[in-house]
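Participant: First the structure, which I've put down as structure tokens, then a few questions once you've had a look.
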Amino acid sequence: MNVPGASNWFRGAVVAYDPAVKFSVLDVPEGPVVSDKAARAMAEGARRLLGSDIGLGITGVAGPDEQDGRPPGTVFVAVATGDDVEALELHLPGDRERVRQYATISALDVLRRTLRARGARSGASPAH
């Protein structure tokens, strides 16, 4: 990150592209990795592994072929906060590169909305 002080709020990241890494590092249960269950486990695993307050998990199919019976453009995003894990299923348009871009933007937006909601519940003024 090219932001001074980023280590004060960004603990790190786990890139688990291969299903075996998802299973062994993030404790995703054996089975389809393009699923709500896998995204939830990835978010919880990242949070636990990094010792952070929040974990973000994203898994999906960019294409060109389907995976786990899911067509290209299917993406699951999950956010783990405390004991709460919320997941969202997305169906994104475009080619492989476009799906990856939209998935990244969508995951960051889900994280932003989660942080705003947490701030509102705690009485903190929401960031813009």
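Participant: Do we have E89 as touching a residue at least 40 places away in the same chain (Cβ under 8 Å) and not polar (S, T, N, Q) here?
Facilitator: Details: touching a residue at least 40 places away in the same chain (Cβ under 8 Å): yes; not polar (S, T, N, Q): yes.
Considered against the rule, which asks whether it is touching a residue at least 40 places away in the same chain (Cβ under 8 Å) and not polar (S, T, N, Q), E89 comes out as yes.
Participant: Shifting gears a bit: Of the residues V75, V85, V99, only one is β-branched (V, I, T), over 15 Å from V14 (Cβ atoms), at pLDDT 95 or above and in a helix (DSSP H, G or I); which?
Facilitator: Working: V75 fails: in a helix (DSSP H, G or I); V85 fails: in a helix (DSSP H, G or I).
Every option except V99 fails the conditions.
Participant: Could you tell me which of the residues G57, G45, G63, G5 is farther than 20 Å from E86 by Cα, at pLDDT 95 or above and not aliphatic (A, V, I, L, M)?
Facilitator: Values: G57 fails: farther than 20 Å from E86 by Cα; G45 fails: farther than 20 Å from E86 by Cα; G5 fails: at pLDDT 95 or above.
One residue alone meets the criteria, G63.
Participant: For segment 8-42, give me each residue that is closer than 16 Å to A87 by Cβ and either touching a residue at least 40 places away in the same chain (Cβ under 8 Å) or of a type in the set (K, R) (or both).
Facilitator: K22, V34, S35, D36, K37, A39, R40
Results for (1) loosely packed, with under 10 Cβ neighbours inside 10 Å; (2) at pLDDT 95 or above; (3) not in a loop (DSSP other than H, G, I, E, B), shown as yes or no for each residue.
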| position | (1), (2), (3) |
| --- | --- |
| F10 | no, no, no |
| Y17 | yes, no, no |
| V21 | no, yes, yes |
| E30 | yes, yes, no |
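Participant: So which residues in segment 57-79 are aliphatic (A, V, I, L, M), closer than 16 Å to Y102 by Cβ and touching a helix residue (DSSP H, G or I) at 6+ places or on another chain (Cβ under 6 Å), if there are any at all? Break it down into steps so the answer makes sense when it comes.
Facilitator: Here is the first cut: in segment 57-79, the residues aliphatic (A, V, I, L, M) are 58, 61-62, 75, 77-79.
Cutting the leftovers down to closer than 16 Å to Y102 by Cβ gives us 58, 61-62, 75, 77.
Listed by number, the residues that qualify are I58, A62, V75, V77.
The values are calculated or read from the model by the stated rules, or taken from the named source; none is laboratory data. No experiment lies behind these values; they were computed from the predicted model shown. Neighbour counts run over all protein chains shown; Cβ positions are idealised from the backbone, glycine included.
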